[in-house]
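Notes for the one structure printed next.
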Amino acid sequence: MPIWTHYFAHFMVAVIATISFGITFQMPRRHYLACGLTGAVGWMVYIFCVELFALSPAIATLVATLPLTGCARFFAIRHKAPVTIFLLPGIFPLVPGAGIYYTAYYFLQGEQELFASKGGETFKVALALALGIALVCSLPLPLPGRVDDEHRPPPS
Amino acid sequence: MADALFDRALELVMDAGQTLLENGGEVFRAQQTMEIMAASLGVRDFHVYVLTNGIFASAHLPGRDAVSLVRHVPTVSVHLGRVEAVNELSRELAAGRLGVVEAEARLNTARTLPRSTPQLEILACVVGAAGFAYLFGGTLADMPVAAVAGLLEALVCQQFARHGINRIFTDIVAAFCGTIWAIAVQTVVPAVNANAAIIGALMVLTPGVALTMGVRDILNGDYLSGSIRLLDALLIAGSIAGGVVLGWIMARGLGVA
């Protein structure tokens, strides 16, 4: 398969998978596309980091979380909606489901070293995810004057 | 403000906070929204403390004793539509476009926003599982296997939730069913890669919500609520791992893996 088809397929599947999770969270219909894009942006950056730059999963997750959370905040401002709506489903492709699985798998196989390394890696990915969200969510709003509703001062 | 109206305004604020918490709003959002609404409705001396599963508030009306209210929010089932609706409501209240009575009606609408049908939710799990199986290195052959595993997990989750069975046990059983199914298919059709299929299906169960919200709670200084959520994430991850291990043990016991 040519390389661009591979990434295009990944992009489309990531959009669809993220929207699917959004549906289970009862996301309003008008946000489907924005939310799918948020998830796909995160996944594409992650897969580029891992496949093209050979970064470790934890670092790749950290790098991917930054544009992902940025996207979520951008859409939150544009759609005047809470940032959670885009962040909760959008983050799912990066949650270390595979890490949890392989940790359990190697535990059972009695492969102590692989078990320890997978477990450590899963933990690191979770930390990277947390750190990435923390970094972007803590930034003050980029555009003064357009007030995101989380940061609106309470009316006096 | 007349006493009756004051009471209704307080109830409204508490209900709004409870709706946010119940449907997956963050702790600081519930707290902030309640404060904004109370200020907009003219409730003075309003103090509120929100936890992951409870709301404590007090208010004071001149010439009357202080009122205190407590709400317990034991279960959360994420409904982002309702979170958005309450958010919108507080925005309009703050802008002064609504009175207590209209706001009550709006909140009622928000609280009764329908959930999508169980069939659609199951379909979403199926599609999600298949999609993630592909993203995590599965082939086209692995996708239908993951889809069926996702279907099993969604069914287990829905049935168990209906009978009020706790989340930990539900996750263990769901992960177990998905694992066993994928291993069974791999045994019959060796071309299928059970690992990719299982991972895709497990994504349905992963604690992404608890992790994200825990981080955000801690960032906002709600350390207690954040810890509760992160502990929740850890427990869910542990349950999933437990289910996977049980599945493989059983498969081995039957001599297929």
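The values are calculated or read from the model by the stated rules, or taken from the named source; none is laboratory data. Treat the numbers as computed from the prediction; the structure is a model and nothing was measured. We place every Cβ from the backbone using ideal geometry, glycine too, and count neighbours over all the protein chains shown. Note: areas computed on protein heavy atoms with side chains; ligands, DNA, RNA excluded. Shrake-Rupley method; radii C 1.70, N 1.55, O 1.52, S 1.80 Å.
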Open item on the list: Given (1) surrounded by fewer than 22 Cβ atoms within 10 Å (Cβ to Cβ); (2) at pLDDT 90 or above; (3) among the hydroxyl-bearing types (Ser, Thr, Tyr), identify the lone condition not met by A:Ser138.
Closed with: (2)
- [ ] Could you please find all residues in the stretch B:32-56 being touching a residue at least 60 places away in the same chain (Cβ under 8 Å) and open to solvent by 10 Å² or more (accessible area, probe 1.4 Å)?
- [x] B:Leu41, B:Leu51, B:Thr52, B:Asn53
TODO: Scan the stretch B:2-28 residue by residue and report those that are within 10 Å of another protein chain (Cβ to nearest Cβ) and open to solvent by 10 Å² or more (accessible area, probe 1.4 Å).
DONE: B:Phe28
Task: Failed criterion for B:Ala241 (all others in (1) within 9 Å of chain A (Cβ to nearest Cβ); (2) assigned to a helix (DSSP H, G or I); (3) open to solvent by less than 10 Å² (accessible area, probe 1.4 Å) hold) - done: (3)
TODO: Output the number of residues of the stretch B:49-83 satisfying the condition of being among the acidic types (Asp, Glu) and closer than 19 Å to A:Phe25 by Cα.
DONE: 0
TODO: Filter the stretch B:208-230 down to the residues that are within 13 Å of another protein chain (Cβ to nearest Cβ) and assigned to a loop (DSSP other than H, G, I, E, B), then identify the one that is least open to solvent (accessible area, probe 1.4 Å).
DONE: B:Gly221
Open item on the list: Condition first: under 23 Å from B:Arg115 (Cβ atoms) and among the hydroxyl-bearing types (Ser, Thr, Tyr). Now tell me which residues in the stretch B:1-45 satisfy that.
Closed with: B:Thr19, B:Thr33
Open item on the list: B:Thr170 - would you say it is away from chain A (no Cβ under 14 Å), assigned to a helix (DSSP H, G or I) and in contact with a helix residue (DSSP H, G or I) (Cβ under 6 Å, 6 or more places away or on another chain)?
Closed with: yes
TODO: Only residues that are in a helix (DSSP H, G or I) and more than 10 Å from every other protein chain (Cβ to nearest Cβ): list them for the stretch A:93-126, please.
DONE: A:Tyr106, A:Gln112, A:Glu113, A:Leu114, A:Phe115, A:Ala116, A:Ser117, A:Lys118, A:Gly120, A:Glu121, A:Lys124, A:Val125
Task: Criterion: open to solvent by less than 40 Å² (accessible area, probe 1.4 Å), over 24 Å from A:Thr122 (Cα atoms) and in contact with a helix residue (DSSP H, G or I) (Cβ under 6 Å, 6 or more places away or on another chain) - qualifying residue of A:Val83, A:Val15 - done: A:Val83
TODO: Could you please give the count of residues in the stretch A:43-61 that are open to solvent by 60 Å² or more (accessible area, probe 1.4 Å), in a helix (DSSP H, G or I) and among the hydrophobic types (A, V, I, L, M, F, W, C)?
DONE: 2
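Quick grid of which residues meet (1) in the same structural domain as B:Val43 (by TED's automatic domain parsing); (2) open to solvent by 50 Å² or more (accessible area, probe 1.4 Å):
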residue: B:Leu89; (1), (2): yes, no
residue: B:Leu93; (1), (2): yes, no
residue: B:Leu98; (1), (2): yes, no
residue: B:Cys125; (1), (2): no, no
residue: B:Val145; (1), (2): no, no
residue: B:Gly150; (1), (2): no, no
residue: B:Cys157; (1), (2): no, no
residue: B:Arg167; (1), (2): no, yes
- [ ] Of the numbered conditions (1) part of a loop (DSSP other than H, G, I, E, B); (2) of a type in the set (Gly, Ala, Ser); (3) under 30 Å from A:Met12 (Cα atoms); (4) within 22 Å of the chain's Cα centre (by Cα), B:Gly164 fails exactly one; give the number of that condition.
- [x] (3)
Task: Which listed residue is without any contact (Cβ under 8 Å) to a residue 24 or more places away in the chain, within 14 Å of chain A (Cβ to nearest Cβ), aliphatic (A, V, I, L, M) and touching a Leu at 6+ places or on another chain (Cβ under 9 Å), from B:Leu93, B:Leu120, B:Leu98, B:Leu80 - done: B:Leu98
TODO: Could you tell me whether B:Pro190 is within 14 Å of chain A (Cβ to nearest Cβ), surrounded by fewer than 22 Cβ atoms within 10 Å (Cβ to Cβ), without any contact (Cβ under 8 Å) to a residue 40 or more places away in the chain and not in a helix (DSSP H, G or I)?
DONE: no
Open item on the list: Restricting to the stretch A:62-80, and then to whatever is in a helix (DSSP H, G or I) and over 15 Å from the mean Cα position of the chain (by Cα), can you tell me which residue is nearest to A:Gly132 (Cα to Cα)?
Closed with: A:Ala76
- [ ] Quick one: B:Ala154 ticks every box in (1) among the aliphatic types (A, V, I, L, M); (2) more than 9 Å from every other protein chain (Cβ to nearest Cβ); (3) in contact (Cβ under 8 Å) with a residue 40 or more places away in the chain except a single one, so which number is it?
- [x] (2)
